[in-house]
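Below is one structure, written out as structure tokens, with a few remarks after it.
The values are calculated or read from the model by the stated rules, or taken from the named source; none is laboratory data. Because the structure is predicted, anything quoted here is derived from the model rather than measured. Backbone-built Cβ (ideal geometry, glycine too); neighbour counts: all protein chains shown.
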Amino acid sequence: MQQVKDTLRATVRIGYDGRVSKQFRGPKAAERFANEVKVLRYLQSRNCQFVPKLLESDPDALKIVTSNCGTRIEHLDDARCRELFGELELYGVRHDDADIRNVTYRQSDGRFCLIDFEFATILEPEK
């Protein structure tokens, strides 16, 4: 497994099978875990194709496993970045951490994707 992030809030690793494991820790870890699971499930129900798919979640371990949405990018025009996060709002979610570090590029279809939804907000009521 390749470790791609190790901060006070989370450790993220990519397995050899391409699946992404995220272990939440630090302040409000359980709350952030629950929010990311809720938002990813909501986006899946809306058929949003440019975010990771939630494959597993373990509330006891505060760990999720998702599909891989490509590699992180280092450069992106500010207007294009705003456009990507704005597109997410069409699916009823505001990211609330709209930064380039949460944008990836999926080479298989040439699509920019968004990751890291622990602070995101669902804008419309769930049905």
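Quick grid of which residues meet (1) closer than 22 Å to residue 21 by Cα; (2) in contact with a Pro (Cβ under 6 Å, 6 or more places away or on another chain); (3) of a type in the set (A, V, I, L, M, F, W, C); (4) free of Cβ contacts under 8 Å to residues at least 40 places away in the same chain:
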{"site": "44", "(1), (2), (3), (4)": "yes, no, no, yes"}
{"site": "49", "(1), (2), (3), (4)": "yes, no, no, no"}
{"site": "58", "(1), (2), (3), (4)": "yes, no, no, yes"}
{"site": "68", "(1), (2), (3), (4)": "yes, no, no, no"}
{"site": "81", "(1), (2), (3), (4)": "no, no, yes, yes"}
{"site": "94", "(1), (2), (3), (4)": "no, no, no, yes"}
- In this structure, is residue 118 under 22 Å from residue 4 (Cα atoms) and either without any contact (Cβ under 8 Å) to a residue 40 or more places away in the chain or in contact with a strand residue (DSSP E or B) (Cβ under 8 Å, 6 or more places away or on another chain) (or both)? yes
- Task: Output the residues belonging to segment 73-103 that are hydroxyl-bearing (Ser, Thr, Tyr) and at pLDDT below 95.
- Result: none
- Query: Any idea which residue in segment 58-72 is modelled with the lowest pLDDT, counting only those that are surrounded by fewer than 19 Cβ atoms within 10 Å (Cβ to Cβ) and hydroxyl-bearing (Ser, Thr, Tyr)?
  - Reply: 71
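Residues checked against (1) among the hydrophobic types (A, V, I, L, M, F, W, C); (2) buried (at least 16 other Cβ atoms within 10 Å of the Cβ); (3) over 24 Å from residue 87 (Cβ atoms):
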residue: 12; (1), (2), (3): yes, yes, no
residue: 17; (1), (2), (3): no, no, yes
residue: 23; (1), (2), (3): no, yes, yes
residue: 26; (1), (2), (3): no, no, yes
residue: 30; (1), (2), (3): yes, no, yes
residue: 33; (1), (2), (3): yes, yes, yes
residue: 44; (1), (2), (3): no, no, no
residue: 47; (1), (2), (3): no, no, no
residue: 54; (1), (2), (3): yes, yes, no
